[in-house]
1. Would you please name the residue that is farthest from Thr235 (Cα to Cα), looking only at residues in region 157-173 that are open to solvent by 50 Å² or more (accessible area, probe 1.4 Å) and polar (S, T, N, Q)?
2. Of everything in region 87-124, what is more than 27 Å from the chain's Cα centre (by Cα), surrounded by fewer than 19 Cβ atoms within 10 Å (Cβ to Cβ) and either in contact (Cβ under 8 Å) with a residue 24 or more places away in the chain or under 19 Å from Tyr480 (Cβ atoms) (or both)? Give them in sequence order.
3. For region 473-492, enumerate the residues that are within 12 Å of Ser62 (Cα to Cα) and either touching a strand residue (DSSP E or B) at 6+ places or on another chain (Cβ under 8 Å) or touching a residue at least 24 places away in the same chain (Cβ under 8 Å) (or both).
4. Sort out for me the helices (runs of 4 or more DSSP H) sitting completely within region 150-239 that have 3 or more residues that are without any contact (Cβ under 8 Å) to a residue 60 or more places away in the chain.
5. Enumerate the strands (runs of 3 or more DSSP E) found wholly within region 2-78, keeping only those where 3 or more residues are surrounded by fewer than 21 Cβ atoms within 10 Å (Cβ to Cβ).
6. Take the residues of region 343-373 that are over 17 Å from Phe333 (Cβ atoms) and in contact with a Gly (Cβ under 9 Å, 6 or more places away or on another chain): which is most open to solvent (accessible area, probe 1.4 Å)?
7. Of these, Asp378, Asp338, which one is surrounded by fewer than 14 Cβ atoms within 10 Å (Cβ to Cβ), of a type in the set (D, E, K, R), farther than 30 Å from Arg502 by Cα and modelled with pLDDT under 95?
Amino acid sequence: MSQERVNQDRMSGVLLHVTSLPSYGGVGDFGPAAYEFIDFLAAAKQRLWQVLPLSPTGYGSSPYSALSAFAGNPVLISLERLVQDGWLAPERLEGLPGHDGPADFGAAATRKVPLIEEAAANFLDTANDEARGRYLKFCTDNLSWLPDYAMFNVLRRRFGYESWNKWPAEYAQRKHDALTSALTEHGRELAIEQAVQYFFDEQWCSLRTYCKARDIRVLGDVAIFVNYDSADVWTHRELFELDDEGRMIRVSGVPPDYFSATGQRWGNPLYKWGEMREREFSWWVGRVRRTLALYDMFRLDHFRGFEAYWSIAADEETAVNGQWVKAPGHELFQRLKDVFGKLPIIAEDLGLITPEVDELRERFGMPGMRILQFGFSDRGAHLYLPHEFVPNTVVYTGTHDNNTMLGWWRDGATAVERAHVQTYLGPIEHDEDIVGAMIRAAAGSVANLCIFPMQDILRLGSEARMNVPAAGEGNWTWRYPKDALRPDYTVKLAALMEMTDRDGYVAPTPDPPAAGA
């Protein structure tokens, strides 16, 4: 008998950000809980783990508010692994927050990060030749961004965490003499910053190796825009729409729509696409190269903005008075394809999408997204229902921006939406039935990929919501309890994956008959 993998592009996965793991230290990280979660994925025949951006966070601890598009978030580094590797004494972990409860980013910043920096200092002082060689290779491989990020972080701390445009002019404008002086004065701190990034890379690569051994791919997330107060803008002012003083001229957002009469003013600086074109999109090439070093594939947020973006004058308080400006999406993605080959990108194409956006996505073979919650709207959004799907699609029961499925059913679904659900999926006799019905609908669809938020697998309500867009506080803190990975969830999910051909099963095929048989 010979064997041939069938439905190799048809798979299922779970959306869970790393900070939502029940790790020791108050914030989910790359430690033991991450490996236990991967074991759960494998047992449940899930072949994809989707995470939110792993970048160091700024305001509000949002993974979409990053200090760098290239660096890793230090709070994701596991203290247990640092102890195991010999860079930190075990007793240094005593008294830290435990595994349970919401993520405590404040405690992570004040109590965990100093321990990681202490471990980095120990590493720099005592690492053997083999470990030092790996560290130096990491620094060399990431020379295009690592020194600038380390300098940005050190100066940001020196100047009281003010935005870089409020630093003394010689530092804000990256004057050579000022940076040379800082290099001499803060050499030890800069080395520690780089060692922390090395720890991040080592631990994340170990997790990815563990995933690969279990036939699990990692799906990352890339925001289209970057923060103004970031190492990226400070280092490459010439690539963004800034004036001579470094102030933003125009900013990002989306126009007024059904959900908001004033639109959304995100406030990120816009790219100088003409300058990027002249440089053959080298900054984006570097960003994608780093992304592909971290993930097997990635979701590109606000894909619509690569065809045309909403441009708002920086002094406008809302997004009402913006304008659409064409973006060089075709040229950019062609350049990326020339460099990297087939692009393993999922296009976040939610919202009002034009034929031009669809054409851009389809030209480069990128699957789009469908959210089941949206399909039962009283606005007739049937394109989000399975009968409208094509194979090159990723279907979600919900995303990090949605309420959980159970929370939506109990607290958010209108009478019309409830009626539509029961017409399409059948009777929902008990509230929790909605979760299983939606998961089965996604898994049974023709979409090659289907992804479930962990909250839906655990049948959790609104209390487990990850993010409420535009809410000022309380986002990003959900973590699942340490005992949440129940065997019955694993068994039922694995059975569903087998039934819907998403388990990666290798089907035996008969050998050809012998000659003359």
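1. Asn165
2. Narrowing region 87-124 to residues more than 27 Å from the chain's Cα centre (by Cα): 87-95, 118, 121-124.
Add one more test, that the residue is surrounded by fewer than 19 Cβ atoms within 10 Å (Cβ to Cβ), and what stays is 89-95, 118, 121-122, 124.
Correct list: Arg92, Leu93, Glu118, Ala121, Asn122, Leu124.
3. Glu473, Asn475, Trp476, Thr477
4. On the way: elements: 169-172, 176-185, 187-213, 231-235.
It comes to 169-172, 176-185, 187-213.
5. Numbers: elements: 2-5, 11-15, 48-50.
Once the strands (runs of 3 or more DSSP E) in region 2-78 are filtered for at least 3 residues that are surrounded by fewer than 21 Cβ atoms within 10 Å (Cβ to Cβ), what remains is 2-5.
6. Leu350
7. The unique qualifying residue is Asp378.
Residues checked against (1) assigned to a loop (DSSP other than H, G, I, E, B); (2) acidic (Asp, Glu); (3) over 27 Å from the mean Cα position of the chain (by Cα):
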residue: Leu406; (1), (2), (3): no, no, no
residue: Arg418; (1), (2), (3): no, no, yes
residue: Pro427; (1), (2), (3): yes, no, yes
residue: Ala447; (1), (2), (3): yes, no, no
residue: Arg479; (1), (2), (3): yes, no, no
residue: Leu485; (1), (2), (3): yes, no, no
residue: Tyr489; (1), (2), (3): no, no, no
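The values are calculated or read from the model by the stated rules, or taken from the named source; none is laboratory data. This one's a predicted model, so the numbers in the text were calculated from it and none came from an experiment. FYI the Cβ positions are ideal-geometry reconstructions off the backbone, even for glycines, and counts take in every protein chain you see. When the accessible area is computed, the model is the full protein with side chains, heavy atoms only, and any ligands, DNA or RNA have been set aside. Shrake-Rupley method; radii C 1.70, N 1.55, O 1.52, S 1.80 Å.
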